[in-house]
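**Q** Starting off with a structure, shown below.
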Amino acid sequence: MMRDLLHESYNAMRHNRRRTALTMLGMAWGIATVVMLLAYGDGFGRACANIFANFGTKLVIVVPGRTSMQAGGQKAGNLIRFTQDDIETLTTNLPQITHITPEASKQASIQYDTRVFTWGVTGNDPDVLSIRALKLEQGRFYNMEDQIQRARVAVIGSEAKEKLFSGRNALGERIRVDGLSFEVIGILSAKMQEGNDDINRVVYVPFSTMSDLKDTHYLDSIWFTYLTPEYEELGQSVRTIMATQHKFNQTDHQAVEVFNLMTQLHQFEIITLGLKVLMGFIGTLTLGIGGVGLMNIMLVSVTQRTREIGVQKALGAQRRHILTQFLAEALTITFIGGVLGVILAYAVALSVGRLTLYSAFAKNGEAGDIRLIIAPGTLIASTLILGAVGLISGMVPALRASRLDPIEALRHE
């Protein structure tokens, strides 16, 4: 009996090919919309993550300032100054730190041959390579041996290389920094650069060598990376340690500024989640419209086949058999439409490629653009939504068909 009813369902779809095809098209468009909108949300989240990865994610920057509150008998307005002792204090008290470096920087005159520019020069420990997520395009970065020997070596940004050397090889050449000769040992890969930001024009030298260019007893800032998900507690710990070290009120945020990139990243993650929910809701509404179309078509089918249903019941078909027949027809249309919709979504995602976002106002910002990412989670969520819509849309007409009175159905013209 069940096989016969499923066969009847197949024949009904085949008999009304145009109607069935249009209904499948509506479901396909609905599921394709859901998949693409969720993929857009995933792509936006990935773009934000790539932007932050350009600068480093689990990164803390500690910058000294001036006290704005009285503490420990000291009046407000005292200047806070960091030294190498603060590096040791943080390393000792925060085992979560993986890499740490002092930083001393200044604007300096950079000269090669007849070309002269004023760019930022920064002195750091070799760990700055991983802390700032720097990538080498050519050559090498300075190491601890260079640091110990106070070697006058420099690693320059990609734009600095182009402006100083144009298309010529820069490795092994010597540049003058405030009149002092430095050997170029490495060229950095281009980083995302907004507007007039000079991130690709920075010249990196060993921290010990930086003392030849300026007094490095007092640090401009401290940079470190860490390995703990509790970034808010870590930031508070840094403030507490520095407050104890320099005798200021730990609630005085002007005395020491603690920048944690994970705070901004978390905010963007919340925005991304909200965007995904919104996109999923819009997609579900679109798919719901297709579901309404499926329900209407199935209700029309029930009306047209009322006499046929009466004959089936007169021959012994039970309510569950009729229910299964119409529900199977609705779910078959939903399934085929879903498969076509997913194929359409993949085709659109591949053809669209990259959607401009960060590269619209940042150089080398292609990694921060949106790509439609159809992740397994997106397909699972879309399939669940499709299944729910198809089940609801098919269940209402199927219940109506199964509850028809056989005598009244046989009288139907």
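The values are calculated or read from the model by the stated rules, or taken from the named source; none is laboratory data. Bear in mind that the values here come from a model prediction, so they are computed numbers and not experimental data. Every residue, glycine among them, receives a Cβ derived from its backbone with ideal geometry; neighbour counts consider all protein chains shown. For the accessible areas, the whole protein counts, side chains as well, though only heavy atoms, and no ligand, DNA or RNA atoms are used. Shrake-Rupley method; radii C 1.70, N 1.55, O 1.52, S 1.80 Å.
Results for (1) modelled with pLDDT of 90 or more; (2) within 21 Å of residue 104 (Cα to Cα), shown as yes or no for each residue.
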{"site": "128", "(1), (2)": "yes, yes"}
{"site": "136", "(1), (2)": "yes, no"}
{"site": "155", "(1), (2)": "yes, yes"}
{"site": "162", "(1), (2)": "yes, no"}
{"site": "166", "(1), (2)": "no, no"}
{"site": "176", "(1), (2)": "yes, yes"}
{"site": "184", "(1), (2)": "yes, yes"}
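**Q** Does any residue of segment 212-228 turn out to be buried (at least 20 other Cβ atoms within 10 Å of the Cβ), at pLDDT 85 or above, more than 27 Å from residue 158 (Cβ to Cβ) and touching a His at 6+ places or on another chain (Cβ under 8 Å)?
**A** no
**Q** Also: Can you tell me how many residues within segment 184-227 are part of a strand (DSSP E or B) and of a type in the set (Ser, Thr, Tyr)?
**A** Selection size over segment 184-227: 4.
**Q** OK, next. Considering only segment 82-100, state which residues are within 17 Å of residue 235 (Cα to Cα) and either assigned to a loop (DSSP other than H, G, I, E, B) or under 31 Å from the mean Cα position of the chain (by Cα) (or both).
**A** Within segment 82-100, 90, 91, 94, 95, 96, 97, 98, 99, 100 meet the criteria.
**Q** Go through segment 24-81 residue by residue and tally those that are polar (S, T, N, Q), surrounded by fewer than 21 Cβ atoms within 10 Å (Cβ to Cβ) and part of a helix (DSSP H, G or I).
**A** 1
**Q** Also, quick follow-up: Of all residues in segment 257-270, count the ones that are modelled with pLDDT of 90 or more and among the β-branched types (Val, Ile, Thr).
**A** Residues in segment 257-270 being modelled with pLDDT of 90 or more and among the β-branched types (Val, Ile, Thr): 1 in total.
**Q** Can you confirm whether residue 207 is modelled with pLDDT of 90 or more and surrounded by 15 or more Cβ atoms within 10 Å (Cβ to Cβ)? Spell out the reasoning first.
**A** Working: modelled with pLDDT of 90 or more: yes; surrounded by 15 or more Cβ atoms within 10 Å (Cβ to Cβ): yes.
Judged against the criteria, residue 207 is a match.
**Q** Step by step: first the residues of segment 234-245, then only those that are among the small types (Gly, Ala, Ser) and surrounded by fewer than 19 Cβ atoms within 10 Å (Cβ to Cβ), then the one that is modelled with the lowest pLDDT. Which residue is that? Let's see the steps before the verdict.
**A** At the first step, the residues of segment 234-245 found to be among the small types (Gly, Ala, Ser) are 235, 237, 243.
Narrowing further to those that are surrounded by fewer than 19 Cβ atoms within 10 Å (Cβ to Cβ): 235, 237.
Numbers: 235: 88, 237: 91.
Per the stated criteria, the residue is 235.
**Q** Here is a follow-up. Could you tell me how many of the residues in segment 107-137 are open to solvent by 30 Å² or more (accessible area, probe 1.4 Å), in a loop (DSSP other than H, G, I, E, B) and over 18 Å from residue 197 (Cβ atoms)?
**A** Within segment 107-137, residues that are open to solvent by 30 Å² or more (accessible area, probe 1.4 Å), in a loop (DSSP other than H, G, I, E, B) and over 18 Å from residue 197 (Cβ atoms) number 4.
**Q** List every residue pair whose Cβ atoms sit under 7 Å apart, with the two residues 6 or more apart in sequence or on different chains, where the first one lies in segment 248-268 and is in contact (Cβ under 8 Å) with a residue 60 or more places away in the chain and under 16 Å from residue 63 (Cβ atoms) and the second, anywhere, is part of a helix (DSSP H, G or I) and of a type in the set (Val, Ile, Thr).
**A** 258/238
**Q** Within segment 156-177, does at least one residue satisfy the condition of being under 18 Å from residue 363 (Cβ atoms), touching a Gly at 6+ places or on another chain (Cβ under 6 Å) and either part of a strand (DSSP E or B) or open to solvent by 10 Å² or more (accessible area, probe 1.4 Å) (or both)?
**A** So far as segment 156-177 goes, no, none of its residues is under 18 Å from residue 363 (Cβ atoms), touching a Gly at 6+ places or on another chain (Cβ under 6 Å) and either part of a strand (DSSP E or B) or open to solvent by 10 Å² or more (accessible area, probe 1.4 Å) (or both).
**Q** Let me ask something else about it. What number of residues within segment 246-284 satisfy the criterion of being surrounded by 13 or more Cβ atoms within 10 Å (Cβ to Cβ) and in a loop (DSSP other than H, G, I, E, B)?
**A** Adding up the residues that qualify gives 8.
**Q** Among (1) closer than 27 Å to residue 129 by Cα; (2) modelled with pLDDT of 85 or more, which single condition is residue 43 missing?
**A** Only one criterion is unmet by residue 43, namely (1).
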